[in-house]
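Structure, as structure tokens:
Each reported figure results from applying straightforward, stated rules to the coordinates on display, with no laboratory input. Worth saying up front: this structure is predicted, and the values here are computed from it rather than measured. Here Cβ is always computed from backbone atoms with ideal geometry, including for glycine, and neighbour counts include all displayed protein chains.
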Amino acid sequence: MSKPGSVRNGTGAEFVLGLDIWSRTLDKNGSHGYVETYTVIYSRVGLRHLVGGWKSRIGIKYPWLVHEAVGSSLFLAPTPESNLYAEISYQQDRFNIVLYADGYRSAASPPSGGYYQPTSTMDTIGIRFSFSTD
């Protein structure tokens, strides 16, 4: 029997549903700028592996819905494509450190009002630190 809050070693499948929302401002030398806001509903399917304080995850991320608002009057729907994700973390007592790689891929959106979003790629590589107080 494991203690409450303890981590069991082993490998297993994971399925995640998620929502990402982010904005970026595009500006050309201080004039004619605009804001793009993306809303993405996605799923991740992959494997996780736990050994002691180490945890790794790897799999495929698929965005089911990608909605792009440009300003307040133009809405685009880039065609989503799958992407790989990976994560490795280590937890010691209340401290946790995570290295991750993630991203998004999309084919060009259908035109809307004479505008379209071209094929796009976004890759994110990062590190997170956290501390738990309980």
Review point. Among S109, S73, S23, which one moves the most in a GNM of the chain with springs linking Cα atoms closer than 10 Å?
Key: S73
Point to revise | Selection from V35, G46, Y85 lying farthest towards where the dipole of segment 1-104 points positive, charges on Cβ | key: G46
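As a footprinting exposure proxy, order H49, H32 by other Cβ within 10 Å, with the fewest listed first.
Working: H49 14, H32 8.
Result, fewest neighbours first: H32, H49.
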Practice item. Have a look at Y115, Y100, Y62 and tell me which one the Gaussian network model of the chain (Cα, springs below 10 Å) gives the largest fluctuation. Key: Y115
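Return the loop-located trypsin sites (Lys or Arg not before Pro) in segment 37-134 (DSSP other than H, G, I, E, B) with at most 12 other Cβ atoms within 10 Å of their own Cβ; answer none if there are none.
R94
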**Study point:** Dipole magnitude (debye, nearest 20) for the chain, charges at Cβ of Lys, Arg, Asp, Glu
**Key:** 440 debye
Review point. If you compute Cα Rg over 2.2 N^0.38 Å for the structure shown, which of (1) 1.34; (2) 1.56; (3) 1.13 do you land on?
Key: (1)
